[in-house]
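Remarks on the structure that follows.
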Ligand code: UDX
């Protein structure tokens, strides 16, 4: 217990619930964590949101988060150094660099701040519960060291957490990883709940590494060992969506709060009552500037005709991959809205290498932006399909809007997500490990024309279940209420 916690304990004053939310510094996790923070504030919990310097800079530059959160007197931003001096958010190919910098700089500072009570002194109230990203194993260790309750917030998908994180050690012990032989289509039989679903190629991509001493594998093993030591685990999913794996996961982590789709729960709880004026600010948490003009372009398109292309905040493309996707989409004849995030093309974008017919056709049928208001785009009636990297937030956002997906996964949880989209939820096509213009053209035509009805039936079903889950008596609403109750109970039992 830190000195401030001790002081208050001795004074017998009641401890007010105060959550410390600490996300990993990437767009998707920070976005989700801010939504969770706002919901906790609305429920009367004090929140300190700890961002690393590197992500806080662009977040403040491109959004109104500071003024938006100033509505909540019980909310406070804090930052912590991370040793990264990049002005802009970095791509996923520098994930290891970010994690190394956090290990070297942030981790010791964080421990010192919490153990010495400096953090509680600064925020004038003790932290009564920590909610770190699941990847921050060190934060769970510090929570245990300071006797602070801790609830992990896992922003990757539950299907990946289960198959490739919690089952990584058993798969290594069973001799399945490192893979022997070259057949990535071989089924993985020993992950409970997914025996009929999973092939080797559908595990997280680090499972393809030959060396289990690789830092990525070691970090994952540590994360899988640490999360069950927390008092709870928050997941951005809803019960029906992940009912194949949640019962198995609960044997390891009995206290799981499925509160997703988090962005929908957030929207519904923030919805102004009929007597209230709607807030004038946007709710963007984007670390790139959103170009909202693409919504006007979408307004000019017929319903369900547009394919939306976005590879999230971390994935990069080679010029060759860019051209394959471009040819495939143009050849499908469908209008397209494409997010080309600055810095997302390895080696830079050189228009002189793009065949002129692509540029001409794009002027006729395409709209390209640096960064889009993705949730609004997916909710737009003109959008009929989503070419996605299968990041977990994008997947959930697409499921909520009932938009079928073409999945082109790259790393983290994306290989598993795309398999679940294609095979379990039947909400799209998984084209992992290929990037070919003919496959892409066929996939676009398949989801938007040939098998549109089949996909629509499945995606409508999930969209309805997602909406039910955040309804008054839905599982995610109930779990969120339980989370708030538990935070209060945990805070009071710290006395
Ligand atoms: C990363 C990993 O890639 C992903 O696999 C993991 O599940 C979470 O961390 P990211 O690449 O950012 O996430 O993908 P994703 O999880 O899909 O999140 C992207 C977020 O950015 C979404 O919330 C999406 O709405 C938003 N976005 C994306 C925009 O607001 N505008 C855009 O133009 C593109």
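Laboratory data are not the source of any read-out in this text; all were calculated from the coordinates shown. Since we're looking at a predicted model, the values are computed, not measured. Because the Cβ atoms are built from the backbone with ideal geometry, glycine has one as well, and the counts that use them run over all protein chains shown.
The stretch between residue 229 and residue 183 holds 13.0 nm of extra length on full extension. This uses 0.36 nm per residue minus the Cα-Cα distance.
Quick one: compute the contact order of the chain, relative version, from alpha carbon pairs under 8 angstrom and 6+ residues apart, as a percent. Could you put the intermediate results ahead of the total?
Working: 891 pairs, mean separation 86.3, N = 495.
The normalised contact order for the chain reaches 17 percent.
Extension gain for residue 122 to residue 109 (0.36 nm times residue separation, less C-alpha to C-alpha distance): 3.2 nm.
Just from its helices, what would the mean residue ellipticity at 222 nm be for the chain, if runs of 4 or more DSSP H residues each count -39500 (n - 2.57) and the sum is divided by every residue, rounded to the nearest 500 deg cm²/dmol? Mind showing how you got there, number by number?
Numbers: 21 runs with 204 residues, N = 495.
It comes out at -12000 deg cm²/dmol, rounded to the nearest 500.
For the range 293-468, averaging the sequence separation of C-alpha pairs within contact (under 8 Å, six or more residues apart) and dividing by the residue count gives a relative contact order of 26 percent. Size check on the range 317-365: the Cα extents along the three principal axes, sorted descending, read 28, 20, 16 Å.
Listing 455, 138 from fewest to most neighbouring C-beta atoms within 10 Å gives 138, 455.
Does a label point 7 Å from the Cα of residue 213, set along Cα-to-beta-carbon, have any residues of the range 123-155 with amide nitrogen under 18 Å, and which are they? Backbone N within reach: none found.
Jot down the per residue volume, in cubic angstrom and as a whole number, of the convex hull over the alpha-carbon atoms of the range 293-468.
Numbers: hull volume 18.6 nm³, N = 176.
Residue-normalised Cα hull volume stands at 105 Å³.
Just check the range 438-481 against the gyration tensor rule for me: Cα atoms, a ≥ b ≥ c as the square roots of the eigenvalues, rounded for a/c under 1.5, and otherwise prolate or oblate depending on whether a/b exceeds b/c. Because a/c hits 1.5 or more and a/b exceeds b/c, the range 438-481 counts as prolate.
Mean sequence separation of contacting Cα pairs (under 8 Å, at least six apart), scaled by the length of the range 38-141, corresponds to a relative contact order of 24 percent.
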